[in-house]
Structure formats: structure tokens, C-alpha cells
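*Asks:* Would you mind keeping the following structure in view while I ask a few things?
What follows is calculated from the coordinates using simple rules that are stated; it is not laboratory data. None of these values were measured; they are calculated from a predicted model. Neighbour counts are summed over all protein chains in view; Cβ atoms, including those assigned to glycine, are modelled from backbone coordinates with ideal geometry.
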Protein chains: 2
Amino acid sequence: MTESPSSSAPAAPTRKRLTRERVLNAALDIADRGGLQRLTIRSLASELGARPMSVYHYVSGKDELLDALVDAVFDAIDSPDPDGDWREEIRRSAHSARAVLRKHSWAIGLLESRTSPGPATLRHHDRVLACLLRSGFSAELTAHAYALVDSYVYGFALQEASLPFEGPDAVGGVAEPILERMGAGEYPAMVEMATNHYLQPGYDWADEFGFGLDLILDGLEQRRG
Amino acid sequence: MTESPSSSAPAAPTRKRLTRERVLNAALDIADRGGLQRLTIRSLASELGARPMSVYHYVSGKDELLDALVDAVFDAIDSPDPDGDWREEIRRSAHSARAVLRKHSWAIGLLESRTSPGPATLRHHDRVLACLLRSGFSAELTAHAYALVDSYVYGFALQEASLPFEGPDAVGGVAEPILERMGAGEYPAMVEMATNHYLQPGYDWADEFGFGLDLILDGLEQRRG
DNA sequence: GTAGCAGTCGTACTAAGTACGAAACCTGCG
DNA sequence: CGCAGGTTTCGTACTTAGTACGACTGCTAC
């Protein structure tokens, strides 16, 4: 019954010393797998093979943990290169942000409540601004462009997260129940769009992202001084 | 010490019978005042002058409560009139949505996790689609426009909620501490923008909304068949 | 080896969601 | 007027989660 000293871990994954990095990565994993709801100090400790209170040596509380996670997500976004072509760089960065936010969709909901950006977040924003300024955008237009592109990216990610389906063909699976719920033509335009467009083979809502982004970039180009 | 039967409420606001409407309104109030965090079944009951378990006769649980709140927020948005001029109607509706989401900014974070839209939400979306379709937009362009405008509105609201300030002049109050935190020129472009633009008298970040919206509407108009 | 410190954790308190079933209330009917 | 049956309200209590406090452990430098 007594454990020999050489075998350390009885039932938990990855033993050893904790580090802030391991804590954050484990938290990322949990949130990615099961959403923010599954991420508790206790589940986190368990994932790390430790007891809840051990976590508090690496984060001061759950709030700081969430702040750190948001910053970690921003860190994964490919920032634009301030010396490249603005249009291509902003475009690339926006696509990257969208992909990252799709993977960590729980992070979007966090953005609303966190008002103290971390270093990675600040750095990303700085690079976006630098890219625009160096490309000859006026301060005013830079501010416009920045607000516009970011809003679009976040908003798209937000919609994507709240869609009840995933991928090109899964649409039918959840859309049809909704179709029925619409009853006797309460939402005719939605029905029309669903049958004529959304449910057509080959349609993938995810493709909408590029259209809007290009429209925005076109508009900015036209308005550039 | 004994209360006379005629005086009913001892220490709580608004007595009488509960209704689902009163429950939802109280929940709205609490969330508006103190954010989602303050909204608990217990605080809600207390606001209503009732005990926690009484609430469960009007909502099946906290999740359903949150779903209902999101739908209530959508209900407050001014939907476009499908028979009006598409550009003006979409514009008006977008401004309304932005105003509503600013007032209930906690709702934005909820959007990410709720995947079953309520009737008001569906109705709003239906009206947007109808407005575009009746104005001669193709199904394809309608889908594009819908995703684009909604993304922009949600995303703008999301950014607005996470800004650490409010209103035209409050900017300085919170931006300057951040300026210092930037240390020795770690974020030069942000500093440049802050000093040359954001902190200039008369600048109001909220005004950015119109620029982006008009750019988007211009772009859609150009691409209309 | 041992003082000292960083890291780990046991215990326990608090807040919050909510299951269960009883009490209070109201209504229409005899 | 009184009572049966449904409706509403709530008392109690269990569960999960965050985290304060201080003790224990084990490594490192002397």
C-alpha cells in the first residue's frame, strides 16, 4: 500500500515542478477542449497533477489567469510587418487573427470584460498602427482603419463562435431543426436565404470572411491620402 | 414586533406576484448596473424581494435566463424596415444596434456562448435579410452584406466595451497611465497615435463607428448588381 | 548538515446554482 | 361560506467553485 519513493505520480498526468507557462498552457488546453465553463482552478490543478492551491503560486487569482489567457491568444496572432505592403500585411494579420479566434473562441467573450491589455496585445496593436502609419496613412485615417478592421475581425469571430454549426456540410444538421421552429412562415427571408443559398451544396459560411475583408481594404485604399 | 397584516413588505422593494417579465427586467437592471458578475439568482431574487428558489418558476435555470436576456436585448434593437431604402434602413438599424449593445455591453460576451437564438433575434435577422433581398441584392450579396454588417456592429460594440474609458474627454484619464506603462518606447506607434490624435481635444473614439459603417455601405452599393 | 526560502498543499470558509418537497395562497365550485 | 386542487413561494440542504491561512516539504547554498 505504501508507495515506493521512486514512483512519484500516482494517478495524475505530468508531474514535476509547475511553471507559469505550464499553468497557462494547461488552462488554454482546458478552455479549448471544453470552453470557459470547464476551466476552473480545480480542473486546472487536476490537469497539472496538483492541488488547487498550488496554482496560486503562478497566478494571483482567476481574473489574472483570464487576463493572461487573453494575452496568450493575442500572442498567437501573426502581426503585420510594419515594413511590408500595408494591404497585404493587414490582410494576412486579419486572417491570422480570425483563425486564432476561431480556435480559441472562448477568448472572444472574455474581451468584453477585460479592460487591461497585456504586453502581447499592446504589441500587436502597435504593429498594426505602425504598419498603417508607415504606409502613409494620416493619423485620422489610421484611427479609422484600425477601428474598422479590428471591429470586423472580432465581430466575425464572434458570429462564427455563436453559429450552431461547424464546417461546410454540417450546416444542414442544425439549420433544419431551426427551419421547423420557424413555423408557418414567421421568418420568410431567412427561409428563402436558407433554401436558396445557405443550404446549397458548396456554400460555406466561413468563406464570407474574405469578401468583407477585401471590401474593407478596398474602401480604405480609396480613401487613402 | 409582529407585523400587521396590512403592511406587507418588510424590507424589500416591489412586492406582489412575480411575473416572467418582472424577473427579466430585474435581471436586465442588475446586469446594466454591475455587469454579468453581479447577476446571480440570489441577487435577482433579492432585487425582486423574493427568495432564490422563487425565480425558478419563471426561468428554468441560469442558462435559460441568459438566453432570454440576450433575446431581450435584440428586441430593443430597431430593425430595418424591409420596404424602406436599404441603405438608410441598414444604417439606422446598425446605429440602433450599436447603441443598444453599448448600453448592455455585458450582452456581447454572452453572444459567444449562446447558440440558440430567441424569437426577437430571429425576427431581427429576418428583417435585415428581407430588407436586402427586396432591394435587389442577390442571395449571394445578401449573405455577404449580412455577415459583414453584423460583424462590424458586433465587433465595434465589443471593442467599445473593452475600452478603458467612456466619452469624449475621459480618454486622458486612463490612457496616460498606459502611456507610462509603455516604458522606454516599447510601443512607439501607439504613443504617436495617442499624442497626435487620440488625446487631441475633440477626439471621440465613438465617432469612428460612422466612418466604418459608411465605408461598408459604400462598398456594398458599388458591388450591388 | 542545516538555515532559509520557494513551492506545495490540507483545511476550511464563502458564494452561488439548484434539487426536493412542504407551506402558503388563490380559485372556482358546491 | 368552506373546501379541493392547482399555483407560487420558499426552507433546507447538497454541490461546485474560488480562495485565505498557515503548515509541510524539499532543495540550495553555506
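*Asks:* Sort out for me the Cα centre separation of the stretch A:145-165 from the stretch B:35-90, rounded to whole Å.
*Replies:* 22
*Asks:* Among the lysines, which have Cα under 30 Å from the Cα of B:K62 when same-chain residues fewer than 8 positions away are ignored?
*Replies:* Once the sequence-local lysines are set aside, what remains near B:K62 is A:K62, A:K103, B:K16, B:K103.
*Asks:* What's the average, rounded to a whole number, of partner chain beta-carbon atoms within 10 Å of each residue's beta-carbon in A:157-163?
*Replies:* Averaged over the peptide's residues, the number is 6.
*Asks:* Per residue of the stretch A:39-48, what does 6.51 cos²θ - 1.76 cosθ + 1.60 with θ = phi - 60° give for ³J(HN,Hα)? Whole Hz please, x for Gly and Pro, Karplus curve as stated.
*Replies:* Residue by residue, the stretch A:39-48 yields 7, 10, 4, 5, 5, 5, 4, 4, 4, 8 Hz.
*Asks:* Sticking with this one: Karplus couplings for the stretch B:123-130 from phi (6.51 cos²θ - 1.76 cosθ + 1.60, θ = phi - 60°), rounded to Hz, Gly and Pro as x?
*Replies:* Karplus-based 3J(HN,Hα) across the stretch B:123-130 equals 4, 4, 4, 4, 5, 4, 4, 4 Hz.
*Asks:* Net charge around A:A130, counting only other residues with Cβ within less than 11 Å of its Cβ (Lys, Arg = +1; Asp, Glu = -1)?
*Replies:* Counting the neighbours of A:A130, the net charge comes to -2.
*Asks:* When a footprinting reagent is the concern and you count Cβ atoms within 10 Å, what order do B:E208, A:E21 take, fewest first?
*Replies:* By the 10 Å Cβ count, ascending, the order reads A:E21, B:E208.
*Asks:* For the stretch B:132-142, what does the Karplus curve 6.51 cos²θ - 1.76 cosθ + 1.60, with θ = phi - 60°, yield as ³J(HN,Hα) per residue in whole Hz, taken in order and with x for Gly and Pro?
*Replies:* Listing the rounded values in order: 5, 4, 5, 8, x, 5, 5, 4, 5, 5, 4 Hz.
*Asks:* Taking beta carbons within 10 Å but only from partner chains, what does the mean come to for residues A:138-150?
*Replies:* 6
*Asks:* Quick one: net charge around B:H57, please, counting Lys, Arg +1 and Asp, Glu -1 for every other residue with C-beta under 15 Å from its C-beta.
*Replies:* Charge balance near B:H57 sits at +4.
*Asks:* Shielding of B:115-128 by partners, i.e. mean partner chain Cβ atoms within 10 Å per residue?
*Replies:* 3
*Asks:* While we're looking at this one, here's another question. Can you give the Rg/Rh ratio of the stretch B:20-59, where Rg is from the C-alpha atoms and Rh is the Kirkwood radius?
*Replies:* 0.92
*Asks:* Could you sort A:187-194, A:32-39 so that the peptide with the highest average Cβ count within 10 Å comes first and the rest follow in order?
*Replies:* A:187-194, A:32-39
*Asks:* Test of understanding: ordering A:S54, A:S162 by Cβ neighbours within 10 Å, fewest first, what list do you get?
*Replies:* A:S54, A:S162
*Asks:* Among the residues of chain A, which one places its Cβ closest to the rotation axis that maps chain A onto chain B, and what is that distance in whole Å?
*Replies:* Here the nearest residue and distance are A:G155, 1.
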